[in-house]
1. Within the range 56-74, count every residue that is at pLDDT 95 or above, not in a loop (DSSP other than H, G, I, E, B) and not β-branched (V, I, T).
2. Looking only at the range 30-51, decide whether some residue is outside any strand (DSSP E or B), aromatic (F, W, Y), away from the ligand (no atom under 16 Å from the Cβ) and on the phi < 0 side of the Ramachandran plot.
3. Mind checking which residues of the range 208-238 are surrounded by 18 or more Cβ atoms within 10 Å (Cβ to Cβ) and either assigned to a helix (DSSP H, G or I) or more than 17 Å from the chain's Cα centre (by Cα) (or both)?
4. Exactly one condition in (1) under 30 Å from N311 (Cβ atoms); (2) within 16 Å of the ligand (Cβ to nearest atom) is false for I105; which is it?
5. For residues that are surrounded by 21 or more Cβ atoms within 10 Å (Cβ to Cβ), of a type in the set (S, T, N, Q) and farther than 27 Å from Q287 by Cα, tally how many sit in the range 16-64.
6. Among the residues of the range 131-168, which ones are out of contact with any Gly (no Cβ under 8 Å at 6 or more places or on another chain) and hydroxyl-bearing (S, T, Y)?
7. Take the residues in the range 151-168 that are out of contact with any Ser or Thr (no Cβ under 7 Å at 6 or more places or on another chain) and not in a strand (DSSP E or B), then tell me which one is surrounded by the fewest Cβ atoms within 10 Å (Cβ to Cβ).
8. Select from the range 306-321 the residues that are within 18 Å of K259 (Cβ to Cβ) and in contact with a strand residue (DSSP E or B) (Cβ under 8 Å, 6 or more places away or on another chain) and list them in ascending order.
Amino acid sequence: MIDEVMDRFYRIEVPLPDSTLKTLNSYVIKADDRNLIIDTGFNRPVCFEAMQEGIRTLDIDLAATDFLITHMHADHAGLVTRLATETSTVYFSRVEAQVYHGASIRQSMFDYAGINGFPGDELLKALNNHPGFKYSPETVPELTLIGDNDVIEIGDYGFRCLSTPGHTQGHICLYEADKKVLLSGDHILFDITPHIESWSYQVNALKDYMDSLDKVYDLPVNIVLPGHRSFFPDLKGRIDELKKHHKDRANEVIDVIGKETKNAYEIAGGMTWDIDCETWDLFPIVQKWFATGEAIAHLRFLESEGRVHRNTDEENITFST
Ligand SMILES: [Zn+2]
């Protein structure tokens, strides 16, 4: 499905089957010299067909089209290698590129999950079923690296890049000041809460996320165009809701720990999740993975605020209050 958001500015809705996100918003801006496509969908046939159909309907010449990827996740970056041509510029976050090219991101996530109590026999299954690994681009195209405050001009639009770490470390939002439009990627969604996870002690993703919410809070905005689902006008109201959500979640984590000492996997199992499953044991393995990553992000945040203690020995990390 395609709709016109503004003058020569379109959204292609790309289906994401089996995902709670349901669809991805790929934004297409047409201009006389170059076009720009922002985010692309998973590297899987159903997404590729939707993008191709949208590109055909909008009469886009890919040889005259550049790409911008808000963050590295496969539902955004997945198709960029297949859609970009030899003459396409692919804009990608400098910070994200460092993480992307970092040595064995998969192995270090794997190790960190293990010491946080994720059962060893389930780890491989979780990673093999993880959409982020299954539907990534097969190769990385040549990237033009961007960072905070860089400006991308396209037709009547000038998009300022805003570095907004949290959902990922190098996440980028785009702000069009004249038209008061924020393309929020997965930093701020309306229908769902952006997933915040951490798989490394070095990253305090939730703290970064809260700071990045503050960073965009006062932007004059008429409409927010997120990476998934509905557009919305009330940026401040939505940020207030998201901040409250994470404060409530952090308090829930404290309650789940109670007087005991638990690892992150056990804590995740004690938290409430918006998923149709009777017990933690029945959770699909990928959902357990996301839940544990989110629990770790909250635990790391609470630790930095002095509200939980982390207990570390060589093979295990546990938490107490
Ligand atoms: Zn996404």
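The values are calculated or read from the model by the stated rules, or taken from the named source; none is laboratory data. These numbers were taken from a predicted model, which means no experiment stands behind them. Quick reminder, even Gly has a Cβ in these numbers, built from the backbone with ideal geometry, and neighbours come from all protein chains shown.
1. Our first condition is that a residue be at pLDDT 95 or above; within the range 56-74, this holds for 56-71.
Applying the additional criterion that residues be not in a loop (DSSP other than H, G, I, E, B) yields 56-57, 62-69.
Checking which are not β-branched (V, I, T) leaves us with 56, 62-64, 66-68.
The qualifying residues number 7.
2. If we filter the range 30-51 for residues that are outside any strand (DSSP E or B), which is where we start, we get 30-34, 39-51.
If we keep only those that are aromatic (F, W, Y) too, we end up with 42, 48.
Checking which are away from the ligand (no atom under 16 Å from the Cβ) leaves us with 48.
Now narrow it down to the ones that are on the phi < 0 side of the Ramachandran plot: 48.
Yes.
3. To start, the set of residues in the range 208-238 that are surrounded by 18 or more Cβ atoms within 10 Å (Cβ to Cβ) comprises 208-210, 212-213, 216, 221, 224-228, 232, 235, 238.
Result: D208, Y209, M210, S212, L213, V216, V221, F232, L235, R238.
4. Only one criterion in (1) under 30 Å from N311 (Cβ atoms); (2) within 16 Å of the ligand (Cβ to nearest atom) is unmet by I105, namely (2).
5. 1
6. Taking the range 131-168 as the starting set, the residues that turn out to be out of contact with any Gly (no Cβ under 8 Å at 6 or more places or on another chain) are 131-134, 138-150, 153-160, 162, 165-166, 168.
Correct list: T139, T144, Y157, T168.
7. We begin by selecting, within the range 151-168, every residue out of contact with any Ser or Thr (no Cβ under 7 Å at 6 or more places or on another chain); these are 151-163, 167-168.
When the remaining residues are screened for being not in a strand (DSSP E or B), the result is 155-156, 167-168.
On the way: G155: 16, D156: 14, H167: 25, T168: 27.
Looking at the filtered set, the residue picked out is D156.
8. Result: V308, H309, R310, N311, T318, F319, S320, T321.
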